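Only one structure is covered here, and it is reproduced in the block below.
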Amino acid sequence: MELQDRIALVTGGAHRVGRALALALARAGCDVAVHYHSSADEADRTVRDIRALGRRAVPLRADLAEPASAAPLIEETVLALGALDILVNSASLFERAAVADIDVEAWDRVLAVNLRAPFLLSRAAAPHLARRRGSIVNIADLSALQPWPSYAHHAVSKAGLVHLTRVLARALAPEVRVNAIAPGTVLPPENGSAEEGAERRLLDVAGTPEDVERALLYLVGSPFVTGQVLVVDGGRSLL
C-alpha cells in the first residue's frame, strides 16, 4: 500500500507506543485520527505534532470499555478525514495482579478494552477499509505467546487478540489485510511494574518504539502479507 495521503485511525494514539505509531504514519504521509480516553492533553500534543508534519489530524475521544463507542469512533474518523485506510488497534490496559486477586470486574475491564474493542472496531471499520483495500494492525505483546502469571487477564486478552487477527484475516480477505505486532519491552511500563523476564533477550541492544514503528510500516505497506504476527522482541521469546 502506498501510504501517501492514506487515512489512519490509531487507538490509544495519544501517548507512549500509540503516539509513536501515529507519528510514524504521519511521517509516511498519512492523515491520522488520534483516539484517546482520558489523555486529552497528550492527544492534543500528538495532533499538533502531526499537523506540524504537514498532515491532517484530529483527536477523537472514546471509552473503549463501552461497546457502544466502537462504531461511532469509526464514523467520526470517516466524517472528519473523509475515509479510512488503516486501523491500528493499540489502546490497551496493562494491569498487574495475582490470579487470586483478579475479580470479575477487573477481568471484564481488561478484556473489554484489549480484545472486545478491537473486534468491534474492526467489524465497524471493515466496510470502509474494504472499499480502499485497507489494512488492520493489532498491537499485542509477548504475553500473547508466553504465560505471565502476574498478568493473567492481560495475557489472555492478548492471546485472544492474536487469534482474532488470524480469524479476521480469513474473514475479511481479500479486500482487507489483518496483521499483528507483538513487541517486547520497548518502553518501561507506566506503573513501574516489570514484565515477566523483561530484561532477557538474545540481542545486545534495547528495544525502542522505533522498532515497532518499522514493523507497522512494513505491515501496512506489504500487500502480500496477512494473518501474520510480527514479533519484535530482540529474541526474548526464544529464551
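The values are calculated or read from the model by the stated rules, or taken from the named source; none is laboratory data. Everything quoted here is computed from the prediction, not taken from an experiment. Note that each Cβ is placed from the backbone with ideal geometry, even for glycine, and that neighbours are counted across all protein chains shown.
Just checking, how many residues over the stretch 3-60 are under 17 Å from S92 (Cβ atoms) and among the small types (G, A, S)?
So the answer is 9.
Return the residue satisfying two criteria in turn: it lies in the stretch 127-142 and is assigned to a helix (DSSP H, G or I) and crowded, with 20+ Cβ neighbours inside 10 Å, and of such residues it is modelled with the lowest pLDDT. Even if it seems obvious, please write down each step before you answer.
Here is the first cut: in the stretch 127-142, the ones assigned to a helix (DSSP H, G or I) are 127-131, 142.
Among the residues that remain, those that are also crowded, with 20+ Cβ neighbours inside 10 Å are: 128-129, 142.
On the way: H128: 98, L129: 98, L142: 95.
Once the filter is applied, the top-ranked residue is L142.
So the check is Cβ under 6 Å with 6+ separation or different chains; which pairs have a first residue in the stretch 207-233 that's within 15 Å of P174 (Cα to Cα) and modelled with pLDDT of 95 or more and a second one that's surrounded by fewer than 17 Cβ atoms within 10 Å (Cβ to Cβ) and among the basic types (K, R)?
G227/R166
Any residue that is within 17 Å of Q228 (Cα to Cα) and either surrounded by fewer than 22 Cβ atoms within 10 Å (Cβ to Cβ) or touching a helix residue (DSSP H, G or I) at 6+ places or on another chain (Cβ under 8 Å) (or both) - is there at least one of those in the stretch 89-103? I'd like the intermediate steps shown before the answer.
Initially, the stretch 89-103 is screened for residues within 17 Å of Q228 (Cα to Cα), giving 89-90.
Narrowing further to those that are either surrounded by fewer than 22 Cβ atoms within 10 Å (Cβ to Cβ) or touching a helix residue (DSSP H, G or I) at 6+ places or on another chain (Cβ under 8 Å) (or both): 89-90.
Yes, because at least one residue in the stretch 89-103 is within 17 Å of Q228 (Cα to Cα) and either surrounded by fewer than 22 Cβ atoms within 10 Å (Cβ to Cβ) or touching a helix residue (DSSP H, G or I) at 6+ places or on another chain (Cβ under 8 Å) (or both).
Filter the stretch 17-42 for residues that are closer than 17 Å to I139 by Cβ and out of contact with any helix residue (DSSP H, G or I) (no Cβ under 8 Å at 6 or more places or on another chain) and give the result.
Scanning the stretch 17-42 gives G18, C30, H37, S39.
Which one is modelled with the lowest pLDDT, of the residues in the stretch 44-97 that are among the basic types (K, R) and over 18 Å from the mean Cα position of the chain (by Cα)? Steps first, please.
Within the stretch 44-97, the first condition is being among the basic types (K, R), and the residues that meet it are 45, 48, 51, 55-56, 61, 96.
Keeping just the survivors that are over 18 Å from the mean Cα position of the chain (by Cα) gives 45, 48, 51, 55-56, 96.
On the way: R45: 98, R48: 98, R51: 98, R55: 98, R56: 98, R96: 94.
The residue in question is R96.
Somewhere in the stretch 48-67, is a residue crowded, with 24+ Cβ neighbours inside 10 Å, over 20 Å from T208 (Cα atoms), aliphatic (A, V, I, L, M) and touching a Pro at 6+ places or on another chain (Cβ under 6 Å)?
Within the stretch 48-67, not a single residue is crowded, with 24+ Cβ neighbours inside 10 Å, over 20 Å from T208 (Cα atoms), aliphatic (A, V, I, L, M) and touching a Pro at 6+ places or on another chain (Cβ under 6 Å).
Restricted to the stretch 104-143, and to residues that are of a type in the set (V, I, T) and touching a helix residue (DSSP H, G or I) at 6+ places or on another chain (Cβ under 6 Å), which residue is farthest from V232 (Cα to Cα)? I'd like the intermediate steps shown before the answer.
First, pick out the residues of the stretch 104-143 that are of a type in the set (V, I, T): 104, 110, 113, 136-137, 139.
Now narrow it down to the ones that are touching a helix residue (DSSP H, G or I) at 6+ places or on another chain (Cβ under 6 Å): 110, 136-137.
Details: V110: 23, I136: 18, V137: 14 Å.
Checking each candidate, the answer is V110.
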